[in-house]
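Below you'll find the structure, written out as structure tokens, and then a few comments.
Just so it is clear, none of the values below were taken in a lab; they were calculated from the coordinates. Keep in mind that this is a model prediction, so the values were computed, not measured. Cβ atoms come from the backbone with ideal geometry, glycine included; neighbour counts cover every protein chain shown.
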Amino acid sequence: MPTLRLLFSLAISVCLLLSQTKKPDFSGTWKADQSKSTTTTTPAKNPNQAAADDAPPPPPLDEQPPEVIQQKGNNLRIGDLNFTLDGAENVNELGQGITHKSKTHWDGNRLVTEWVMERDGATLVKAKQSRALSEDGKAQTVDTHVETSTVITDFHAVMVKN
């Protein structure tokens, strides 16, 4: 009987330790490695020509400034955008009547953000982004699926820490 109690206690301890595994910290300054990054764009199946103007596309990877990420506890800041990592909605005002609404959560060690950009309540962009950090913490993979009223774009970026 004492052996059974010991095994049971050990099993519970291991489960508690595994559930408290530290999540990756994406803090740092990151630049896209163009040689390992791809972009695929396809027309939307049923483009909505009456929809609000699409947001302009991001500049090519070689023209984008480094991405600065600050992560502390439940808070994440990427450039000028603020997020929480618990699935709660975050709202960032971007100016010119554009709002960025997002929800971010952990999926294992991947950080997943689903977001929309709206102007006057109309959706301009809808996206889902997933980030994973390499074991050595020097590279991250960012996969982003973006939908507008006219195009669907998938980005696969490998970012290296500066």
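List 30, 106 from most exposed to least, where exposure is judged by having the fewest other Cβ atoms within 10 Å.
Ranking 30, 106 by Cβ neighbours within 10 Å, fewest first, gives 106, 30.
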Going Cα to Cα from residue 103, which aspartates and glutamates come in below 12 Å? Please leave out same-chain ones fewer than 8 positions away. 86, 89, 114
Calculate the FRET efficiency for residue 80 and residue 160 from the Cβ-Cβ distance with a Förster distance of 22 Å, rounded to the nearest 0.05. 0.50
Regarding the stretch 23-161, what are the three Cα extents along the principal axes, ordered largest first, in Å? 47, 34, 26
Along the Cα→Cβ direction, 7 angstrom out, place labels at residue 139 and residue 114. What is the inter-label distance in nm? 3.0
Using the structure shown, select from 36/126; 45/101; 22/72; 128/161 the pairs with a Cα to Cα distance greater than 20 angstrom. 36/126; 45/101; 128/161
